[in-house]
Amino acid sequence: GNSVTQMEGPVTLSEEAFLTINCTYTATGYPSLFWYVQYPGEGLQLLLKATKADDKGSNKGFEATYRKETTSFHLEKGSVQVSDSAVYFCALRDNAGNNRKLIWGLGTSLAVNP
Amino acid sequence: DGGITQSPKYLFRKEGQNVTLSCEQNLNHDAMYWYRQDPGQGLRLIYYSQIVNDFQKGDIAEGYSVSREKKESFPLTVTSAQKNPTAFYLCASNVGGGTGTEAFFGQGTRLTVV
């Protein structure tokens with residue numbers, strides 16, 4: 001079946017540090033891949049997405065590249081800010097068949113210190 | 001502006017009571033979802049609906065019920081059969097088909113049993 005595995009948190013960084021949050025997936029078809037962000041007490045917001053192999057999604061300085069050969073979609077940011085403190089979720093949506101549910105990773109909490 | 005609205009933001013339930021959480025969207029999305037979020041457990045799917053008048057159980061449907069009488073609305077009832085209902089509940093929607101279509105989330109309802 002389909003699944004998403006994220007690196008466990010919490011991740012604690014100093015401001016301006018480089019961020020990587022690993023995400024790998026298992027899928028039977030050709031999924032679309034997503035990163036969502038959740039700020040404290042709020043719902044989830046789409047951060048970026050990629051719909052096919054080698055696509056790079058980017059937004060607000062965050063990037064992730066859809067790597068089919070390694071089944072990965074790692075999230076990166078070159079210089080984090082305190083305002084990036086949140087929980088980040090990796091997700092996939094299998095585009096084959098009729099069931100289009102999103103499959104979620106467990107989330108990775110990021111804390112950025114000044 | 002289009003979006004997805006959950007109400008109330010905070011809800012308190014006495015033991016043995018049923019409560020209903022509201023979810024309304026004006027995005028013209030076919031598919032809607034209810035998730036439960038507990039600390040350290042990511043998102044768990046309760047119920048989902050891919051079209052009006054149809055819905056399916058997710059991974060943790062026991063103790064919950066839903067209806068989908070209108071495209072815009074997907075209320076969730078937490079029944080007295082749900083033994084541990086204290087959690088953060090998230091409603092989401094997407095167009096239901098097509099590649100790469102992301103889910104949009106409400107701001108969540110925090111339910112507490114008192």
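Comparing A:A91, A:A53, A:A64 in a Gaussian network model of chain A (Cα springs below 10 Å), the most mobile by mean-square fluctuation is A:A53.
In Å², nearest 100, what accessible area do chains A and B bury in total when the solvent probe is 1.4 Å?
Working: alone 6200 and 6320 Å², together 10720 Å².
The contact between B and A buries close to 1800 Å².
Compared with the direct C-alpha span, the chain from B:V52 to B:S7 gains 14.1 nm at full extension, assuming 0.36 nm per residue. Per the Kirkwood formula applied to alpha carbons, the range A:35-100 shows a radius of gyration over Rh ratio, Rg over Rh, of 1.00.
For every other residue with a beta carbon closer than 14 angstrom to the beta carbon of A:L19, add +1 if it is Lys or Arg and -1 if Asp or Glu, then tell me the sum. Local charge sum for A:L19: -3.
Of the residues A:G105, A:A53, A:F18, the one whose Cα sits farthest toward the positive end of the charge dipole of chain A, with +1 on the Cβ of Lys and Arg and -1 on the Cβ of Asp and Glu, is A:A53.
By the Cα gyration tensor, chain B has an equivalent ellipsoid whose semi-axes, rounded to whole angstrom, run 23, 14, 13 from largest to smallest.
Residue-wise HN-Hα couplings along the range B:80-86, as the Karplus relation 6.51 cos²θ - 1.76 cosθ + 1.60 with θ = phi - 60° gives them from phi, are 5, 6, 7, 7, 9, x, 5 Hz; Gly and Pro carry x.
Per residue, the accessible area of chain A comes to 46 Å² when a 1.4 Å probe rolls over the protein heavy atoms. Each 10 Å bin, from zero up to the one with the longest distance, holds this percent of the alpha carbon pairs of the range B:68-114: 20, 41, 29, 9, 0.
At a probe radius of 1.4 angstrom, the accessible area of the range B:1-94 per residue rounds to 49 square angstrom.
Take every Cα-Cα pair in the range A:1-67 and report what % of them are more than 19 Å apart. Working shown, then result.
Working: 908 of 2211 pairs.
Result for the distance tail: 41 percent.
Relative to the current alpha-carbon distance between B:V95 and B:Q17, full extension at 0.36 nm per residue lengthens the span by 24.7 nm. Loop-located GluC sites (Glu not before Pro) in the range A:25-114 (DSSP state not H, G, I, E or B) with no more than 10 neighbouring Cβ atoms inside 10 Å: A:E69. Other protein chain C-beta atoms within 10 Å of residue C-beta, averaged over A:40-46: 6.
Share of Cα-Cα pairs in the range B:11-65 beyond 16 Å, in percent?
Values: 815 of 1485 pairs.
Of the Cα pairs, 55 percent sit more than 16 Å apart.
At what distance in angstrom do the alpha carbon centres of the range B:17-90 and the range A:26-45 lie from each other? That distance is 18 Å.
Restricting to Cα atoms and excluding each atom paired with itself, what does the Kirkwood estimate give for the protein assembly as shown in Å? Display every interim value, and only then the final one.
Working: mean 1/r = 0.0553 Å⁻¹.
Over the protein assembly as shown, the inverse of the mean reciprocal pair distance is 18.1 Å.
Per-atom-type breakdown for the range B:1-85 gives carbon and sulfur 45% of the accessible area (1.4 Å probe, protein chains only). Calculated on C-alpha atoms, the gyration radius of chain A divided by its Kirkwood radius gives an Rg/Rh of 0.97. In chain A, Cα pairs under 8 Å separated by at least six residues give a relative contact order of 37 percent. Mean sequence separation of contacting Cα pairs (under 8 Å, at least six apart), scaled by the length of chain B, corresponds to a relative contact order of 35 percent.
The values are calculated or read from the model by the stated rules, or taken from the named source; none is laboratory data. What you see is a predicted model, and the numbers here were worked out from it, not measured in a lab. Every residue, glycine as well, gets a Cβ built from its backbone with ideal geometry; the counts of neighbours run over all protein chains shown. The protein model used for the area step is the full one, side chains on, heavy atoms only, and it has no ligands, DNA or RNA in it. Shrake-Rupley method; radii C 1.70, N 1.55, O 1.52, S 1.80 Å.
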